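A quick write-up on the structure given underneath.
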Amino acid sequence: MQNDGYVLLSQQQTLLFDGEQITTIDAKESAKHLSAVTLPSFLIESLSFKLSKSLSDQDLQIQVEMKMYKDGGLNVEEDYAIDFLKYDVGDEYLVEAFAISKAKFMEYIKEFDYAVSVVDFTIVRFLMYQSLYTHGYPANTNDLIIYMSENEAFGVIYQNGKYIGHRTLNTLEKLSKKTGIELVKLKEYLQTKGFIKSKYNFDETHIIDAVQEIVLKDIEKLVYSINHKRSMFGLNGIDNIYIDFYGQDLAGIEEFFLPFGYELMVPKAIDLSPPSNIDNSRYLELLYLQDAQEKSEEVERLELSLLERKKPLYQYMSVKYGAVIGLSLFLSLGVYGYLMYQESLLDDTIAQKSEKLKVMKSKSKKLLTQYKKLKDKNQKLLLEKEKISKEVQVYETTLDILPMMETQKKLRQQFMNDVVASLAKYKLNTQYIYQHDTKSMELMLVSEFNNRDTIAKFMNDLARKNYSSVSTKKIEEAFGIYKSKVRIER
């Protein structure tokens, strides 16, 4: 294997990167260099859990694999590549474990336009943004990065240049299916008009309304994830929002963050000024591939390849022993005989250990399979028992409650929709929103000095929507900022 560059494999081409220049090479030449492939996140199984810090590295690896099979839903009959990231959270490790089955890996590789014989390294897209911070982006910040493409989309959180978590979002394909808008047209709309409603014609407003409704729910999930990371990592809000969307930003996406107190955020498109012959996202993959090899202590990575390169001949123990024995022949027959004897003992020991390991693995798989079957059987029996004992009561209760539940759900959702619409109408921010039930809600409004009358307008707007009571006890002012606790009764 040559050490004069790195090769990035993709479905249509192979790119060679030497740190400065990027060239396309013949696929047959890729095996001569360290090669990598980017795995879509939807192929990867993941699981988060905690483990004791007292475990050795070997025991930690074993416990992670057992957790992935037992709790992560891996099939004991299949082969997997499993790797993990760990974070120190006091007396324990927070473990983010990831796995990909050999079947999915090989099926993905077979979709390439050429035969792939070796994959030395795998790139997981939500980890590659570490290279932003090794190539000019400020690292002492808390950042949210939103990636969206046709078949992959997520929001990923970085703290001080390090990955601490991600959340899957709706891809363009899913948005297309959910809204009924043709994929190509939807992509064109978002690239040219973004989420800015004023840019859409009257007959196109239903398009942006349908898309905004789905994306708003995705942003709510991201904000929830950010809040969840506060207690775990001491995450104190978000400083920057970066967009990775075909080399440009998503105009108007900042409006979705306003109801959650991020009114000063101005999302920016990721731009590393790539060479003219490559797009921004692919350039970042190449930079991460280089960083992962040359700055391995600084950059987190996941080893998920199931098509690894065979080791050079000189690295195998049997070849090394042969060299030692050959040298011993020149020294003395006695030393040669002794080494041969020691090698024989070692080979026997290795064979015995290997056989024992094979038996233990086989037993372990059988036990895991049996455990899963017994667990499923027990669960089914418990469910059947509960079903039989409560069947009549459940049916009667369900028939009585269903209409009421649907009504309550609609009332609660309409309540929230009315409030969010009024907030957006007057561009008000909130410190918090507590919806107690279908009839009452409490929220803390925040307004600047020159917009202080919008609080009253907001309350009047809700009153006009036939809410029985919209009241506030007092409006407080500090440093030019007005705060008002408003209670709304249906």
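A few remarks follow.
- If the condition is being part of a strand (DSSP E or B) and aliphatic (A, V, I, L, M), then the stretch 59-86 contributes A81, I82, L85.
- Looking only at the stretch 156-168, and only at residues there that are under 21 Å from N280 (Cα atoms) and touching an Asp or Glu at 6+ places or on another chain (Cβ under 8 Å), the one that is surrounded by the most Cβ atoms within 10 Å (Cβ to Cβ): Y158
- Residue satisfying all of: in the stretch 223-260; touching a residue at least 24 places away in the same chain (Cβ under 8 Å) and among the small types (G, A, S); farthest from V211 (Cα to Cα) among these: G237
The rows are residues; the columns are (1) modelled with pLDDT of 80 or more; (2) under 43 Å from the mean Cα position of the chain (by Cα).
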position	(1), (2)
Y283	yes, yes
K295	yes, yes
K310	no, yes
T349	yes, no
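- Restricting the stretch 450-484 to residues that are of a type in the set (A, V, I, L, M) and outside any helix (DSSP H, G or I), the residue that is farthest from S422 (Cα to Cα): A478
- Of all the listed residues (L51, L8, L55), the sole one being among the aliphatic types (A, V, I, L, M), over 22 Å from V124 (Cα atoms) and assigned to a strand (DSSP E or B) is L51.
- Enumeration of residues in the stretch 70-119 that are basic (K, R) and either touching a residue at least 60 places away in the same chain (Cβ under 8 Å) or surrounded by fewer than 12 Cβ atoms within 10 Å (Cβ to Cβ) (or both): K70, K102, K104, K110
- Among the criteria (1) within 28 Å of I433 (Cα to Cα); (2) without any contact (Cβ under 8 Å) to a residue 24 or more places away in the chain; (3) loosely packed, with under 13 Cβ neighbours inside 10 Å, the one I208 does not fulfil is (3).
- The residue that is nearest to the chain's Cα centre (by Cα), among those in the stretch 432-459 that are loosely packed, with under 13 Cβ neighbours inside 10 Å and over 16 Å from G480 (Cβ atoms), is Y432.
- Number of residues in the stretch 93-142 that are in contact with a Lys or Arg (Cβ under 9 Å, 6 or more places away or on another chain), more than 20 Å from Q293 (Cβ to Cβ) and of a type in the set (V, I, T) equals 1.
The values are calculated or read from the model by the stated rules, or taken from the named source; none is laboratory data. What you see is a predicted model; the values in this text were computed from it and never measured. We place every Cβ from the backbone using ideal geometry, glycine too, and count neighbours over all the protein chains shown.
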